Structure formats: C-alpha cells, structure tokens
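Below: the structure, in structure tokens.
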Amino acid sequence: MAEIPDKGILMQFARSVRELLNDDDLIKAAPEEFSITADLAMKMERHYPGWRVSPEWTRRETEEKRVAWNDKAGLQKLKKIRPDIIVHHMHKEENLLVVEAKRLGNTDFEDDVRKLRLMTLDHSVNPLYHYGYRVGVHLVLDLPNRLIVNNDVYRNGEIHADLTGWLWRLLH
C-alpha cells in the first residue's frame, strides 16, 4: 500500500470534520462527545479507503490498549486508554491517525494530550505501550456554532506547529 503523506491524512480528516459541521440534524440534536466522535468516525470511513476507522477502540489484539509514562517523581505510570477515533490496520503495526475530540467548555485535556503524545511516538520506544500513529489530532468543537475552536496536530510525540497551522487553515 502506498505511503500517505501527513497532509493527505489531515486533508481527509478536515473533509470529514467539515461534513460533521454541516450536518444540520447533528447540530440540532446537540449530542454528547461520544456521539459526536462516533458520527465523525462514520463520516471518516469513506475518506480512508483500505483503512479501518474505529471509534472508542480499546484493544490491541488480546490486550487492552494502555500507555506508560514516568510521572514527575520518576515513577512509571500505566493507564488503560480508549482513544476517541483511530485509523489503523487491524493485526498489523500500521497506525495512521489517532483523534481526541472535546466539546467547547470541556477543559480537561490532560489525558487526551498524554494519549496523543504517547500514541504518536514510534512504537519501538516501548512496543508494549506505544503505538506509532503517524499523526494525532486534538480537536475542540463548538458544535452549536459550527466552529473548530482549537486543533493541535501531534507528530512524534510533540505538537507539530506547521501541521497544526495547516490543518487550522483547512478547517476555517
């Protein structure tokens, strides 16, 4: 399968987000985050042919998805995770995109940011608990006003300023 450039991954994601923001029925229903991300995942499926788009995915083969990190005291922490949306190939080490999304007003981003940082690190860092997603996106939505309030793109465990700005321009 041909390599998809980072901007190609994000362009397809932006198309899906714009479809979400133009969905009059969804806007009127004003659902909670879980329903919004599930709907976004459904919209993403046709934009990623050959890939599986999975909302709220909790497994890696027979194991629960987890991330590991060292806290400020140097103690290792391990936490079960459930990313909002992932684009991946099942049964392979091929992970394209991980998305964490929040509605405007929800400001508890610490776990989302940690997941995106750790899940976009190369899986060779710690193959048991890091997944090597090519890119990750943290998205903050103002659904009633059909706006993206914030987006950060993660690459190699860090916010990638150029890709973040590029995605921002696509979404506005």
The stretch 12-134, accessible surface, carbon-and-sulfur percent (1.4 angstrom probe): 49 percent
Peptides 105-115, 76-86, 156-166: what's the order by average Cβ count within 10 Å, highest mean first? 76-86, 156-166, 105-115
Helix-only [θ] at 222 nm, the chain, -39500 (n - 2.57) per DSSP H run of 4+, per residue, nearest 500, equals -9500 deg cm²/dmol
Comparing 101, 30, 41, which has the greatest mean-square fluctuation in the GNM of the chain with Cα pairs linked when under 10 Å apart? 30
nm² value of the averaged projected area, convex hull over the Cα atoms of the stretch 1-146: 9.3 nm²
Cα-Cα over 20 Å: which of 7/79; 7/102; 43/92; 43/115; 43/102? 7/79; 7/102; 43/92; 43/115
Could you tell me how many cubic angstrom of Cα convex hull volume the stretch 131-172 has per residue? 65 Å³
Could you pull the Cα extents of the stretch 1-86 along its three principal axes, largest to smallest, in whole Å? 47, 37, 27
Find the accessible area per residue for the chain; the probe is 1.4 Å, ligands and nucleic acids are left out, and the unit is Å². 53 Å²
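The values are calculated or read from the model by the stated rules, or taken from the named source; none is laboratory data. Just so it is clear, the model here is predicted, and its values are computed rather than measured. With ideal geometry, Cβ positions are generated from the backbone for all residues, glycine too; neighbour counts draw on all protein chains shown. The protein model used for the area step is the full one, side chains on, heavy atoms only, and it has no ligands, DNA or RNA in it. Shrake-Rupley method; radii C 1.70, N 1.55, O 1.52, S 1.80 Å.
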